[in-house]
1. In region 117-156, how many are within 29 Å of H75 (Cβ to Cβ) and of a type in the set (S, T, Y)?
2. Conditions: (1) within 29 Å of L35 (Cα to Cα); (2) at pLDDT 95 or above; (3) not acidic (D, E). S174 meets all but one. Number of the miss?
3. Of all residues in region 152-181 being over 13 Å from L41 (Cβ atoms) and surrounded by 15 or more Cβ atoms within 10 Å (Cβ to Cβ), which is nearest to the chain's Cα centre (by Cα)?
4. Would you be able to tell me the number of residues in region 64-85 that are more than 18 Å from K125 (Cα to Cα) and surrounded by 15 or more Cβ atoms within 10 Å (Cβ to Cβ)?
5. Within region 140-171, work out how many residues are in a loop (DSSP other than H, G, I, E, B) and either over 19 Å from V38 (Cα atoms) or out of contact with any Lys or Arg (no Cβ under 7 Å at 6 or more places or on another chain) (or both).
6. Does V38 satisfy the criteria of being assigned to a strand (DSSP E or B), modelled with pLDDT of 95 or more, surrounded by fewer than 16 Cβ atoms within 10 Å (Cβ to Cβ) and in contact with a strand residue (DSSP E or B) (Cβ under 8 Å, 6 or more places away or on another chain)?
7. Do we find a residue being of a type outside the set (K, R), closer than 29 Å to Q34 by Cβ and outside any loop (DSSP other than H, G, I, E, B) anywhere in region 117-138?
8. Taking region 196-209 as the region of interest, how many residues are assigned to a loop (DSSP other than H, G, I, E, B) and at pLDDT 95 or above?
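The values are calculated or read from the model by the stated rules, or taken from the named source; none is laboratory data. This structure is a prediction, so every number in the text was calculated from the model and none was measured. Cβ sites come from the backbone with ideal geometry, for glycine too, and all protein chains shown count toward neighbours.
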Amino acid sequence: MSQPTLYYVHDPMCSWCYAFRENWHVITKHFAGQLEFVRLLGGLAPDSDTPMDEATQKMVQRSWRRIEESVPGIHFNFDFWLLNQPRRSTYPSCRAVIAARELGGEAYDLKMTYAIQDGYYQQAKNPSNNDQLTTLAESLGLNGPEFSSSLESAKTEQQLQQEIAQARSMGADSYPSLVLQINEQTRWPIAINYQNVSEVIATIEMCLE
């Protein structure tokens with residue numbers, strides 16, 4: 001490998017990933033030119049048509065409140081729980097990121113992730129639904145029918161499963177996760193810090209030394 005690689009394992013519908021997104025931006029800016037950055041979809045919750053039960057809804061809402069209390073500047077639109085029938089199903093949004101990346105290029109990985117997060121957490125939209133994901137893709141300038149076809153294709157599902165398997169092979173089974181690969185033999189898990197990104201940067205620099 002030409003230079004060390006920082007892997008970022010995430011899920012677009014993971015609220016803690018949403019809480020970390022500005023820190024990720026700071027990290028990539030700080031290490032630009034020093035590291036290669038690879039984003040992998042972790043796949044938080046498989047496909048399901050079953051409505052989310054009340055206990056799970058309350059668990060997720062508690063997580064949102066905990067994030068609001070502990071991460072400066074992060075707020076959620078709780079109207080989501082009144083306006084939608086939520087499902088514990090994040091694989092569709094993961095496939096949407098892959099489809100957007102395939103159609104629009106690497107930059108659309110981040111663009112689609114942010115569109116899903118903003119739609120879910122700020123606009124109370126349900127990104128477990130393919131039609132909603134297609135609308136978000138169109139808002140980014142992607143072709144709706146092409147995106148919808150890619151979203152539901154076997155190729156996109158295969159890519160998702162490959163990324164999930166790669167993440168798990170690195171021990172990244174919670175989201176978000178950071179893994180720094182120095183060379184073929186040396187790989188370091190990097191502790192996530194939501195309040196102080198400087199500590200994350202310092203840990204990466206220490207591993208690089």
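1. 6
2. Just one mismatch for S174, condition (2).
3. L178
4. The first filter runs over region 64-85 and keeps only residues more than 18 Å from K125 (Cα to Cα), leaving 65-73.
From what is left, the residues that are surrounded by 15 or more Cβ atoms within 10 Å (Cβ to Cβ) are 67-68, 71.
Summing the residues that are more than 18 Å from K125 (Cα to Cα) and surrounded by 15 or more Cβ atoms within 10 Å (Cβ to Cβ) in region 64-85 gives 3.
5. First, the residues of region 140-171 that are in a loop (DSSP other than H, G, I, E, B): 140-143, 152-153, 170-171.
So of that shortlist, the ones also either over 19 Å from V38 (Cα atoms) or out of contact with any Lys or Arg (no Cβ under 7 Å at 6 or more places or on another chain) (or both) come out as 140-143, 152-153, 171.
Qualifying residue count, region 140-171: 7.
6. On the way: assigned to a strand (DSSP E or B): yes; modelled with pLDDT of 95 or more: yes; surrounded by fewer than 16 Cβ atoms within 10 Å (Cβ to Cβ): yes; in contact with a strand residue (DSSP E or B) (Cβ under 8 Å, 6 or more places away or on another chain): yes.
So V38 fits the description; yes.
7. Checking region 117-138: at least one residue is of a type outside the set (K, R), closer than 29 Å to Q34 by Cβ and outside any loop (DSSP other than H, G, I, E, B).
8. The initial filter retains those residues of region 196-209 that are assigned to a loop (DSSP other than H, G, I, E, B), namely 196, 209.
Narrowing further to those that are at pLDDT 95 or above: 196.
Selection size over region 196-209: 1.
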